[in-house]
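To start, the structure under review is shown below, and the notes come after it.
The values are calculated or read from the model by the stated rules, or taken from the named source; none is laboratory data. Note that the structure is a prediction, hence the values are computed from the model and not measured. Please note: Cβ atoms are built from the backbone with ideal geometry, for glycine as well, and neighbour counts cover all protein chains shown.
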Amino acid sequence: MGLLTILKKNKLKEKEIRLLMLGLDNAGKTTILKKINGEDISTISPTLGFNIKTMELDGYKLNIWDVGGQKSIRSYWRNYFEQTDGLIWVIDSADRKDRFELCKKELQSLLKEERIAGASLLIFANKQDLPSALSKEQIQEFLELDSIESCHWNIQSCSAYTGENLVKGMKWITNDIRSRIFLLD
Amino acid sequence: MISQAESGPKKVRTAKRLFMKNKSPGNSTKELQNQFQKMSIQKNNENNSDNITPEYVCSLKAPTTRFLCPLTKNKYIQFKGFKIRDVETGEIFYNVHDPTDPENFDTFMQGIDDSFRTLHYQFSKNYLKSKHIGTTVEFATCPEAIPNFRMIERHYFKNKLIKSFDFSFGFCIPNSRNTWENVYEVPKMSQSMIKEMIENPELTCSDSFYFIDDKLFMHNKAFFTFK
């Protein structure tokens, strides 16, 4: 129910919000999506397509698109950029060094995309429950997030496994989208 | 094949239809009849199913009296799961899931009749008391990319529209497996209406229309009973 509460408090001017959740395979995108919806996360298999959640409340709609992160699927990501209000980039904070390099490369090329350039960017530094996880400060430095000027961004450490900080991150991105939409008026 | 969680055997049999075909062997007369029926339905509908637009189905005020497109139009998607839950209480009203690979998309619709796309659901009364329902569909897609996939669903009670859904999936990745959960507020219904719905099995029903690039390629019907 976490998400419905956010939506309730976020009487958005825009009737429909679209969030796109991307990241390398095994980052935990689907687990995040299920956890914030109070669903069972014990049996999650790799996403070979997309998982969408639509939440409708008082005529307001929040759509979250979780698209698979496997190499063969990444080339299709661009088909989901259109009308994205917020991008959620999910990272396995306990991943290998070479995967972090790849993660940085993929994120940087995403940020060059015109169609998502204006979207709010939330980075989930996931799997903080693992002892080998890098801190959000370490990840922020490695990904050179401070050099991002094209959009509002925020990095949030979290654990999809325990649920820690997931709602906090979602609140930030929906609030940021709302404030941007108001600024446009 | 079909894994089943917290739903009675009768319910499973009904939605199983969308995953598996029950070809009855040896009954050649019946088979021929079915084929003939299928051909005539195709003939009747094929001429005009290309004219069925999203705007048209959104303007419908009552359930259709027939299917608006032939079964064989669907060479694009195969359903692999359905789940209906109460988001607040966690109660699962319905759950079927088929983890197997999809069948050949060019041929999987051959030899089946309209019972395949007519579903009968039986839910507990609690369903009518829920405030927020989450419905999940899972589907596999054909080896070609699907450009612009859209679903429109119209729910009726006694020929009166009570809820409608219109969702654009957009692009679907070739050979993909996808899910969509729609969490929505159940429309407010009076006690007398709820009572009527319980007392009148199958008068609650729905039409589901599926479009690619605004062209209808699939139409399913469902009937609901509350116990």
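Considering only residues that are among the hydroxyl-bearing types (Ser, Thr, Tyr) and within 11 Å of chain A (Cβ to nearest Cβ), look in segment B:176-197 and name the one that is nearest to B:ALA140 (Cα to Cα).
Once the filter is applied, the top-ranked residue is B:SER176.
What are the residues in segment B:155-170 that are away from chain A (no Cβ under 14 Å) and of a type in the set (Ser, Thr, Tyr), if any?
Passing the criteria: only B:TYR156.
Tell me whether segment A:72-91 contains one or more residues that are among the aliphatic types (A, V, I, L, M), within 14 Å of chain B (Cβ to nearest Cβ) and more than 19 Å from A:CYS151 (Cα to Cα).
Yes, because at least one residue in segment A:72-91 is among the aliphatic types (A, V, I, L, M), within 14 Å of chain B (Cβ to nearest Cβ) and more than 19 Å from A:CYS151 (Cα to Cα).
Having 3 or more residues that are within 18 Å of B:THR225 (Cβ to Cβ) and within 17 Å of the chain's Cα centre (by Cα) is the bar; report the strands (runs of 3 or more DSSP E) wholly within segment B:82-142 that clear it.
Once the strands (runs of 3 or more DSSP E) in segment B:82-142 are filtered for at least 3 residues that are within 18 Å of B:THR225 (Cβ to Cβ) and within 17 Å of the chain's Cα centre (by Cα), what remains is B:92-97, B:118-123.
In segment B:53-87, which residues are buried (at least 18 other Cβ atoms within 10 Å of the Cβ) and more than 25 Å from B:CYS142 (Cβ to Cβ)?
Passing the criteria: B:ILE84, B:ARG85, B:ASP86, B:VAL87.
Results for (1) more than 9 Å from every other protein chain (Cβ to nearest Cβ); (2) under 18 Å from A:LEU111 (Cα atoms); (3) within 12 Å of the chain's Cα centre (by Cα); (4) part of a loop (DSSP other than H, G, I, E, B), shown as yes or no for each residue.
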residue	(1), (2), (3), (4)
A:PRO46	yes, no, no, yes
A:MET55	no, no, no, no
A:LYS61	yes, no, no, no
A:ILE64	yes, no, yes, no
A:GLY69	yes, yes, no, yes
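Identify, by number, the condition in (1) within 14 Å of chain A (Cβ to nearest Cβ); (2) under 23 Å from B:CYS142 (Cβ atoms); (3) of a type outside the set (Val, Ile, Thr); (4) exposed (fewer than 15 other Cβ atoms within 10 Å of the Cβ) that B:GLY90 doesn't meet.
Of everything listed in (1) within 14 Å of chain A (Cβ to nearest Cβ); (2) under 23 Å from B:CYS142 (Cβ atoms); (3) of a type outside the set (Val, Ile, Thr); (4) exposed (fewer than 15 other Cβ atoms within 10 Å of the Cβ), B:GLY90 misses just condition (2).
Would you check if B:ILE173 is under 25 Å from B:ASP101 (Cβ atoms) and either more than 16 Å from the chain's Cα centre (by Cα) or away from every other protein chain (no Cβ under 14 Å) (or both)?
Taking the combined requirement at face value, the residue satisfies it.
If I filter segment B:119-132 for residues that are within 10 Å of another protein chain (Cβ to nearest Cβ) and surrounded by 15 or more Cβ atoms within 10 Å (Cβ to Cβ), do I get at least one hit?
Checked against the condition, which is being within 10 Å of another protein chain (Cβ to nearest Cβ) and surrounded by 15 or more Cβ atoms within 10 Å (Cβ to Cβ), segment B:119-132 yields at least one hit.
Would you mind stating whether A:ILE116 is of a type in the set (A, V, I, L, M) and at pLDDT 95 or above?
Spelling it out, it is not the case that A:ILE116 is of a type in the set (A, V, I, L, M) and at pLDDT 95 or above.
Can you name every residue in segment B:145-172 that is in a loop (DSSP other than H, G, I, E, B), in contact with a Pro (Cβ under 8 Å, 6 or more places away or on another chain) and free of Cβ contacts under 8 Å to residues at least 60 places away in the same chain?
B:ALA145 - this is the single residue of segment B:145-172 that is in a loop (DSSP other than H, G, I, E, B), in contact with a Pro (Cβ under 8 Å, 6 or more places away or on another chain) and free of Cβ contacts under 8 Å to residues at least 60 places away in the same chain.
Within segment A:83-173, which strands (runs of 3 or more DSSP E) (wholly inside it) include 1 or more residues that are in contact with an Asp or Glu (Cβ under 7 Å, 6 or more places away or on another chain)?
A:120-126
Restricted to segment B:93-118, and to residues that are of a type in the set (A, V, I, L, M, F, W, C) and closer than 25 Å to A:THR54 by Cα, which residue is surrounded by the fewest Cβ atoms within 10 Å (Cβ to Cβ)?
Selected residue: B:PHE93.
When A:ILE17 is evaluated against the numbered criteria (1) among the β-branched types (Val, Ile, Thr); (2) modelled with pLDDT under 95; (3) part of a loop (DSSP other than H, G, I, E, B), which criterion, by number, is the only one it fails?
Here A:ILE17 clears every test but (3).
Restricting attention to segment A:119-141, does a residue exist that is in contact with a Leu (Cβ under 8 Å, 6 or more places away or on another chain), surrounded by fewer than 16 Cβ atoms within 10 Å (Cβ to Cβ) and not β-branched (Val, Ile, Thr)?
Looking through segment A:119-141, none of the residues is in contact with a Leu (Cβ under 8 Å, 6 or more places away or on another chain), surrounded by fewer than 16 Cβ atoms within 10 Å (Cβ to Cβ) and not β-branched (Val, Ile, Thr).
All but one of (1) within 30 Å of B:LEU128 (Cβ to Cβ); (2) in a helix (DSSP H, G or I); (3) modelled with pLDDT under 95 hold for B:ASN45, so report the exception by its number.
Of (1) within 30 Å of B:LEU128 (Cβ to Cβ); (2) in a helix (DSSP H, G or I); (3) modelled with pLDDT under 95, only one is false for B:ASN45: (1).
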